[in-house]
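K.L.:
There's a structure below that I have some questions on.
The values are calculated or read from the model by the stated rules, or taken from the named source; none is laboratory data. Predicted, not measured: the structure shown is a model, and the values here were computed from it. Cβ atoms come from the backbone with ideal geometry, glycine included; neighbour counts cover every protein chain shown. Heads up: the accessible areas ignore ligands, DNA and RNA and are worked out on the full protein's heavy atoms, side chains in. Shrake-Rupley method; radii C 1.70, N 1.55, O 1.52, S 1.80 Å.
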Amino acid sequence: MTLEGTEFDKKSLRFFTKHNPDWDELAKDCVAFSNARGGRILIGIEDDADEPYPGQKVLENIVEAIAKRIPQITLNVGVLPRKMTAGNGGEYNEVQVFRDR
């Protein structure tokens, strides 16, 4: 199991199944990674797991929502969200956070 830390974090897909996602919480993590060395956030993988649930599907609009919302509520934080598929067929979102120079 990969440990979360200063360059890596995991969040449950439930983050996006709520009626109002906690964008401030995601932005806080992105800002912290950006101010350090950059990092990755995997959305759709539980804290105690290495992969998403088998067969898990994520909506395409989540990637677009992350790409739009994080730059709107942060300053100089670059992110590259992508929809990914794990070896077990489950989907998740990977958010690459770039280091602020």
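K.L.:
So how tilted is helix 23-35 from the main axis of the chain? Cα-based, degrees 0 to 90, rounded to 10.
P.N.:
That helix lies at roughly 60 degrees to the long axis.
K.L.:
Related question: Dipole size in debye (nearest 20) for the chain around its Cα centre, Lys and Arg Cβ +1, Asp and Glu Cβ -1?
P.N.:
Values: 14 positive and 17 negative charges, 84 e Å.
Around 400 debye, computed over the chain.
K.L.:
Just to be sure I understand: with springs between alpha-carbon atoms less than 10 Å apart, which residue in 20, 76, 61 has the highest mean-square fluctuation in the Gaussian network model of the chain?
P.N.:
With Cα springs under 10 Å in the chain, the top fluctuation among 20, 76, 61 is at 20.
K.L.:
May I pose another question? Would you look at the GNM of the chain, springs on alpha carbons closer than 10 Å, and say which of 70, 45, 62 moves the most?
P.N.:
Checking each option, the largest mean-square fluctuation is seen for 62.
K.L.:
Residues of the chain: accessible area per residue at 1.4 Å, in Å²? All intermediate terms of the calculation are to be shown ahead of the outcome.
P.N.:
Values: 6000 Å² over 101 residues.
Accessible area per residue, the chain: 59 Å².
K.L.:
At most 15 other Cβ atoms within 10 Å plus a DSSP loop assignment makes a site exposed; report the longest stretch of the chain without any exposed GluC sites (Glu not before Pro).
P.N.:
Counting only loop sites that pass the neighbour cut-off, the longest clear stretch is 47-101.
K.L.:
At 1.002 mPa s and 20 °C, plugging the Kirkwood radius over alpha-carbon pairs of the chain into Stokes-Einstein gives what diffusion coefficient in µm²/s?
P.N.:
158 µm²/s
K.L.:
In degrees, nearest 10, range 0 to 90: what is the angle between the Cα axis of helix 60-73 and the longest Cα principal axis of the chain?
P.N.:
20 degrees
K.L.:
Taking the convex hull of the Cα atoms, report for the stretch 50-101 its projected area averaged over all directions, in nm².
P.N.:
Details: hull surface 16.3 nm².
Taking a quarter of the hull surface, the average projection is 4.1 nm².
K.L.:
Moving on. Could you sort 28, 57 by their accessible area in this structure, using a 1.4 Å probe and putting the largest first? Mind dumping the intermediate values first?
P.N.:
Details: 28 115, 57 140 Å².
Sorted descending by solvent-accessible area, the residues read 57, 28.
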